[in-house]
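What follows is one structure encoded as C-alpha cells, with my remarks underneath.
The values are calculated or read from the model by the stated rules, or taken from the named source; none is laboratory data. Keep in mind that this is a model prediction, so the values were computed, not measured. Using ideal geometry, Cβ is built from the backbone for each residue, glycine included, and neighbour counts are taken over all protein chains shown.
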Amino acid sequence: MRHFRKIGVLAGLALSVSAAALNAYASEPTVPPEPAPFPAEGKIKYVARDSILEFKALPEYNEPDWVKKNFVDTGKLPPVKDRLPKEPLVFKTENMPDGIGVYGDTMRHVIGGRPEGWNYGAGQTQGWGGIDIGLSECLTRTAPLFQVEAKDTEPLPNLAKSWEWSEDGHKLTMHLIEGAKWSDGAPFNADDIMFYWEDEVIDPNVSPLGGGASPEAFGTGTTLKKIDDYTVEWTFKEAFPKQYLYTMAYPNFCPGPSHVLKPQHPKYSKNTYDQFKNAFPPEYMNMPVMGAWVPVEYRPDDIIVLRRNPYYWKVDEKGNQLPYLNELHYKLSTWADRDVQAVAGSGDFSNLEQPENFVASLKRAAEKTAPARLAFGPRLIGYNLRMNFSANGWGDPDARGQAIRELNRNEDFRKAVTMAFNRKAVGDSLVKGPFTAIYSGGLSSGTSFYDRQSTLYYPYDLEGARAGLAEAGLKDTDGDGFVNFPAGQAGGKNVEIVLLVNNDYATDKSLAEGVVGQMEKLGLKIIINALDGPKRDDAHYAGRFDWLIQRNTTELASVVQNTEQLAPVGPRTSWHHRAGKDDQLDLMPFEKELVDIVNKFRTSQDNDERVRLMKEYQKISTEHVNTVGLTEYPGALIINKRFSNIPQGTPIFMFNWAEDSVIRERLWVAADKQQKYELFPEQLPGKPGEKGPLN
Ligand code: GLA
Ligand code: CA
C-alpha cells in the first residue's frame, strides 16, 4: 500500500491508514469532482404513497365494446365482473397525470434482444426492453415509487394486496388478491406462489431470470408456507426485515402459471431440467400471464405481438378494466434502432441510454414537428468494471484464470487499475458535453443515498499506477510492453486478462475498447470476450470471466431494491464474488465489512442509521476498489406525444426500468389521436400453446 498517500482533505472519512502509506508518491485520493449540470432535466412530481392505488369492489365494471359484443355476448367469455377478482386493484384518478382514459391503440416497442422462450421462472429471457416486465406481475411493485419521497417509501401492494407483521417481527402474513385469474381463465392462488418458491427459487437447478432470485435474497433461513388459497406466511430469522418487501417486487418474486409449468418440472415429470427450461419456446403462443397483455404472435427477427388480457385484474375508478391499450408490439431489431425509431415516430418508446445517440436524438426532439417527447432524468445510468474475486472455484478457472483471481484480490493491483483510467477521456469518447461524469464506483450519484464526501476517487495517474503494478509484483520481463507474472507463477508469461462484454450494446463495446486502450498504457493486456446478451449472462452467472463490464443494476441506482446484490451476503448475491462448488465464500476483510453493513441495512428500521450505513458502504467500497467505476450519465425517456398519463419526470431507471415506472396498463391515447397500428384488431388471446389470437 506504500504508494497511496492518505491526506487530510478526506475530512469525515475514517480511513485506515498505515504509517507506510505516508511515504507515497502517487497522487492523492480525493472526492470525485462535482459533476456538470446537464440540460432538460425532468422534475419529478412527488405524491403520497397511498394516493396511487387501492383494492376495492366497484358498483360496475366496463370493458371495450368489441370485447363485450364479440366475446361476452356470444358466450365465449364470462361477463367482465365475473372475470375480475372480488376486489380488483383500482388505480386512483388523483394520481393519474391525465385522468381516466379511453380504450384503443397500440404501443410499439423496439428491442435489441431476442426471445429464448417464455419460461421466465427458469431463467429464459424474452428479449428485455420491458417485455418480461409487462408479462410478469409480482407480489409487490416498486417501479412507481420514484414519485414517492424516500421517507414515505414502502413497496406497493400488487399480487399481495396486503400484509401484516407478527408482534415479534419474524412472521409476515401476506394476503393475495382473491379470485384473480391467469390470462387463460385459470385461477391464480397460493399454489402459484408455492410452486415458484419451492420449485424455482429454492430448487438449485433452476434460477429465475435476472440471476438474483436466490433463496438468500430473502434472508438466510427464510421459509414460506401456504396458509390457505389466498394467504401465505413468511418466517424470517431477523425481526422486521422490511427490506425483503422490495425483493418481492420485480424481478425476484413474479410467479409463473403453475398449472402449465408444474407438469413440465422434473419433480413432477420425466423431463430433465433442460427440457423444463425449454418447454415453452418462443413459438409457444398464449403463455398464461398475470400481466396486461399476452403474446399472440411471434415472427423470428421481426416482431412479437401481444393482445389485451381479458382477465386482467386492475381497473380505474370508473370500473374500466385495464389496460386501455389493446396491443403491444416488440419489433426485433437493435437497441440503437430503438432510439432512432422512437425519435422518428416509427416506434413509440425508448430509454435513451447509449450516449452515442444523445446528440442526434436531442436535435430531432427539439424540432417543433418532433413526434416524441424526450426528457432527461437523474444521472442513474452507470458502468463498472468488475473483477472476479472468487479464488475458490466459481467458474472453474484454469491456472491462468486462478492467477488472475489472485491478482484481482490484491488491493495494490486494483488501485493501480483504477488509477490508470482517464475517466474524462472515457466519458468524452462516448459523448462530448455535460452528460458523463467521473464515477469512481459504488453507489450512483443519482440515488438519494449518495454522499459525495463519502466517496473516494483515485485520480488519473499513470505513473503512480505503474508503480502500483510493480508493487503487486508485476514487471515486463521480456520487454514487449506488457507486464509478466513473476517467474514462479503462470510460467512467467504476460498477464492476459479476459474481459467479458455484452455484444448487444454499442456503449458496452466502446467502453471495452476504452478499457483495452487504457490498460495497454498501464502495461496490462486485455482480451475482449464479447458475447450476445443471453450468452454473456450465462458466462457471468457461471463465473466464467476474469473481468467484466456491467451496466449498473438497481441496487446501485436505488439502494433499497436488490440490496443484497451490494455485497456477497450469500453464496450467490454479488455480481462478482460468488461461492464455488462447496457453497463457501472466500471474503476479503473489506468485503466482510461490506457484508456487515448490508445486513444491518437490510434489517434496520431507523432511516438515519440507514443513511449512515450507506455512507460507510460507499467509503469502504470505493477505498478498497470493490468495483472500478467507468462512467455515469443521465438517461432520457423518449415517448410518442400521443400517449397520456406519463408521470412527469419518470426516470428511465431507478427501482426498475421506465417500462414499469410509467405504469403501462394506465397509459391511453385520446380518441382523435389514435392510430391504426393494431395487427389483430378486435381479437383476444387464444388457448395456451395454440397458434394465434382468438377471433
Ligand atoms: C434492456 C434495455 C433497457 C430496458 C430493459 C428493460 O436492458 O437496455 O433500456 O428497456 O431492457 O428490461
Ligand atoms: Ca511482457
Could you go through region 448-455 and let me know if any residue there is within 16 Å of ligand 2 (Cβ to nearest atom) and assigned to a helix (DSSP H, G or I).
no
Taking the stated definitions as given, is Leu380 under 22 Å from Lys525 (Cα atoms), out of contact with any Cys (no Cβ under 9 Å at 6 or more places or on another chain), crowded, with 22+ Cβ neighbours inside 10 Å and in contact (Cβ under 8 Å) with a residue 40 or more places away in the chain?
no
Any idea which of Lys81, Lys76, Lys86 is in contact with a Leu (Cβ under 8 Å, 6 or more places away or on another chain) and either more than 16 Å from ligand 1 (Cβ to nearest atom) or modelled with pLDDT under 95 (or both)?
Lys76
Output the residue which, of all residues in region 477-492 that are near ligand 2 (Cβ under 8 Å from one of its atoms) and in contact (Cβ under 8 Å) with a residue 40 or more places away in the chain, is surrounded by the most Cβ atoms within 10 Å (Cβ to Cβ).
Val483
Can you give me the number of residues within region 292-312 that are outside any strand (DSSP E or B) and surrounded by 24 or more Cβ atoms within 10 Å (Cβ to Cβ)?
5
For residues in region 304-356 being within 20 Å of Trp182 (Cβ to Cβ) and hydroxyl-bearing (Ser, Thr, Tyr), which is farthest from ligand 2 (Cβ to nearest atom)?
Tyr311
Just give me the residues in region 313-323 being part of a loop (DSSP other than H, G, I, E, B) and within 20 Å of Gly130 (Cα to Cα), in sequence order.
Trp313, Leu322, Pro323
Which condition breaks for Ile404 when tested against (1) among the β-branched types (Val, Ile, Thr); (2) surrounded by fewer than 21 Cβ atoms within 10 Å (Cβ to Cβ); (3) within 16 Å of ligand 2 (Cβ to nearest atom)?
(2)
Name the single residue, out of those in region 477-497 being in a strand (DSSP E or B) and under 16 Å from Met387 (Cβ atoms), that is nearest to ligand 1 (Cβ to nearest atom).
Ile497
Taking region 100-133 on its own, how many of its residues are closer than 27 Å to Ser214 by Cα and basic (Lys, Arg)?
1
Tell me which of these His540 doesn't satisfy, since it passes every other one: (1) touching a Gly at 6+ places or on another chain (Cβ under 7 Å); (2) farther than 17 Å from Gly127 by Cα.
(1)
From the list Asp184, Asp132, Asp168, Asp191, which residue is modelled with pLDDT of 95 or more and under 27 Å from Asn351 (Cα atoms)?
Asp132
When you scan region 659-695, how many residues do you find that are closer than 17 Å to Asn95 by Cβ and of a type outside the set (Phe, Trp, Tyr)?
8
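Residue-wise test of (1) at pLDDT 95 or above; (2) of a type in the set (S, T, N, Q); (3) more than 30 Å from Pro64 (Cα to Cα).
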{"residue": "Lys270", "(1), (2), (3)": "yes, no, yes"}
{"residue": "Glu283", "(1), (2), (3)": "yes, no, no"}
{"residue": "Gly319", "(1), (2), (3)": "yes, no, no"}
{"residue": "Leu322", "(1), (2), (3)": "yes, no, no"}
{"residue": "Leu328", "(1), (2), (3)": "yes, no, no"}
{"residue": "Ser333", "(1), (2), (3)": "yes, yes, yes"}
{"residue": "Glu353", "(1), (2), (3)": "yes, no, yes"}
Conditions (1) assigned to a loop (DSSP other than H, G, I, E, B); (2) crowded, with 19+ Cβ neighbours inside 10 Å; (3) away from ligand 2 (no atom under 16 Å from the Cβ): number failed by Leu500
(1)
Residue among Leu77, Leu145 that alone is part of a loop (DSSP other than H, G, I, E, B), buried (at least 20 other Cβ atoms within 10 Å of the Cβ), on the phi < 0 side of the Ramachandran plot and in contact with a helix residue (DSSP H, G or I) (Cβ under 9 Å, 6 or more places away or on another chain):
Leu77
Out of the residues in region 324-369 that are over 24 Å from the mean Cα position of the chain (by Cα) and in a loop (DSSP other than H, G, I, E, B), which is surrounded by the fewest Cβ atoms within 10 Å (Cβ to Cβ)?
Lys368
Enumerate the pairs (first residue in region 356-373 and more than 12 Å from Ala342 (Cβ to Cβ); second residue anywhere and of a type in the set (Phe, Trp, Tyr) and exposed (fewer than 15 other Cβ atoms within 10 Å of the Cβ)) with beta-carbon separation below 7 Å, excluding pairs fewer than 6 apart on the same chain, so at least 6 apart or on different chains.
none
Restricted to region 456-476 and to residues being assigned to a loop (DSSP other than H, G, I, E, B) and within 16 Å of ligand 2 (Cβ to nearest atom), the residue farthest from Asn562 (Cα to Cα) is Asp476
Among Pro371, Pro378, the single one that is within 16 Å of ligand 1 (Cβ to nearest atom) and farther than 24 Å from Gly533 by Cα is Pro378
Does Ala36 qualify as being modelled with pLDDT under 95, exposed (fewer than 12 other Cβ atoms within 10 Å of the Cβ) and of a type in the set (A, V, I, L, M, F, W, C)?
yes
Being aliphatic (A, V, I, L, M), in a loop (DSSP other than H, G, I, E, B) and more than 26 Å from Thr125 (Cβ to Cβ) narrows it down to one of Ala249, Ala213, Ala239, so name that one.
Ala239
State all residues of region 203-215 that are surrounded by fewer than 16 Cβ atoms within 10 Å (Cβ to Cβ) and either closer than 28 Å to Gly179 by Cβ or touching a residue at least 40 places away in the same chain (Cβ under 8 Å) (or both); if no residue qualifies, say none.
Asn205
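Okay, residues lined up against (1) in contact with a Phe, Trp or Tyr (Cβ under 8 Å, 6 or more places away or on another chain); (2) among the basic types (Lys, Arg):
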residue	(1), (2)
Tyr298	no, no
Val305	yes, no
Tyr311	yes, no
Lys314	yes, yes
Leu332	no, no
Asp337	no, no
Val343	no, no
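A quick yes/no check of all residues on (1) assigned to a helix (DSSP H, G or I); (2) surrounded by fewer than 23 Cβ atoms within 10 Å (Cβ to Cβ); (3) free of Cβ contacts under 8 Å to residues at least 24 places away in the same chain:
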site	(1), (2), (3)
Gln518	yes, yes, no
Lys521	yes, yes, no
Ala539	yes, yes, no
Leu556	yes, no, no
Pro568	no, no, no
Trp575	no, yes, no
Ala579	no, yes, no
Asp582	no, yes, no
Leu587	no, yes, yes
Applying the selection to region 102-134, what residues are assigned to a loop (DSSP other than H, G, I, E, B), within 9 Å of ligand 1 (Cβ to nearest atom) and either among the small types (Gly, Ala, Ser) or over 16 Å from the mean Cα position of the chain (by Cα) (or both)?
Gly112, Gly113, Gly127, Gly129, Gly130
Looking only at residues that are in a loop (DSSP other than H, G, I, E, B) and within 12 Å of ligand 1 (Cβ to nearest atom) in region 655-672, which one is nearest to Val102 (Cα to Cα)?
Val662
If you check Gly523 against the conditions, is it away from ligand 2 (no atom under 16 Å from the Cβ) and touching a Gly at 6+ places or on another chain (Cβ under 7 Å)?
no
